[in-house]
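S.K.: Here's a structure for you.
The values are calculated or read from the model by the stated rules, or taken from the named source; none is laboratory data. Computed from a predicted model, the values in this text were never measured in an experiment. Note that we place each Cβ from the backbone using ideal geometry, even for glycine, and neighbour counts take in every protein chain shown. Accessible surface is based on the protein model in full, side chains and every heavy atom, while ligands, DNA and RNA are left aside. Shrake-Rupley method; radii C 1.70, N 1.55, O 1.52, S 1.80 Å.
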Amino acid sequence: MEQILALVGLLSCLMMSTAVESAKCNLEGQWKNDLGSNMTISSVDSNGQFAGTYLTAVSVTNKTIVKSPLIGFQQEKDSPTFGFTVKWKFSDSITVFAGQCFISETGQPILQAIWLLRSESDDIKDNWKQTR
């Protein structure tokens, strides 16, 4: 499986599922990127709402990295757009992701997304440098 993490304006993330799907993307399941981050989406309800966990393999903190909760929404389409938020349990940061699910030529679902990470600022004067 080829996966990438690259700069595209903001940071872009490509995650791949371990399952081979039909022509319709399904966000439920296990996802992994090339840096070793893992995401699990447990279920998507009839309104497109979903929840799960994210275990990042990349962090600038010296704290122990632990699974963190995520919650989001997707559109109900064959290649749905989606958005979700991760509330990191090991830092005071929040990350939001927005993207779309695609089916590769080999039939594998792929999530292509951008993300923004917001860190806490102690002073409004430092606000400008808290979003990556």
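S.K.: Could you work out how much longer the chain between LYS129 and THR64 gets when fully extended? Use 0.36 nm per residue separation minus the Cα distance between them, nm to one decimal.
M.R.: 21.0 nm
S.K.: Same structure, new question: How much accessible surface does PHE102 have with a 1.4 Å probe, in Å² rounded to 10?
M.R.: 90 Å²
S.K.: Further question: Calculate the FRET efficiency for GLU76 and THR40 from the Cβ-Cβ distance with a Förster distance of 22 Å, rounded to the nearest 0.05.
M.R.: According to the calculation, E is roughly 0.60.
S.K.: Carbon-plus-sulfur fraction of the accessible area of the range 57-132, 1.4 Å probe, in percent?
M.R.: 54 percent
S.K.: When all protein chains stay in place, what accessible area (Å², nearest 10, 1.4 Å probe) is found for ILE94?
M.R.: 70 Å²
S.K.: Long-range amide H contacts for TRP88: which residues qualify at under 5 Å (H placed 1.01 Å from N, peptide plane, sequence gap of 5 or more or a different chain)?
M.R.: Placed amide hydrogens put SER93, THR95 under 5 Å from TRP88.
S.K.: In Å², what does the accessible area per residue of the range 39-87 work out to with a 1.4 Å probe?
M.R.: Numbers: 2840 Å² over 49 residues.
Heavy-atom SASA per residue in the range 39-87 reads 58 Å².
S.K.: What figure in square angstrom, to the nearest 10, would you give for the accessible area of ASP123 with a 1.4 Å probe?
M.R.: Rounded to the nearest 10, the figure is 60 Å².
S.K.: Kindly state, to the nearest 0.05, the FRET efficiency for GLU28 paired with ASP92, given R0 = 41 Å and r defined as their beta-carbon distance.
M.R.: 0.90
S.K.: Subtracting the Cα-Cα distance from 0.36 nm times the residue separation, let me have the gained length for THR85 to ARG118 in nm, one decimal.
M.R.: Full extension from THR85 to ARG118 adds 10.8 nm.
S.K.: Please list, or write none, the lysines whose alpha carbon is within less than 20 Å of the alpha carbon of LYS63, excluding same-chain residues fewer than 8 places away.
M.R.: LYS87, LYS89
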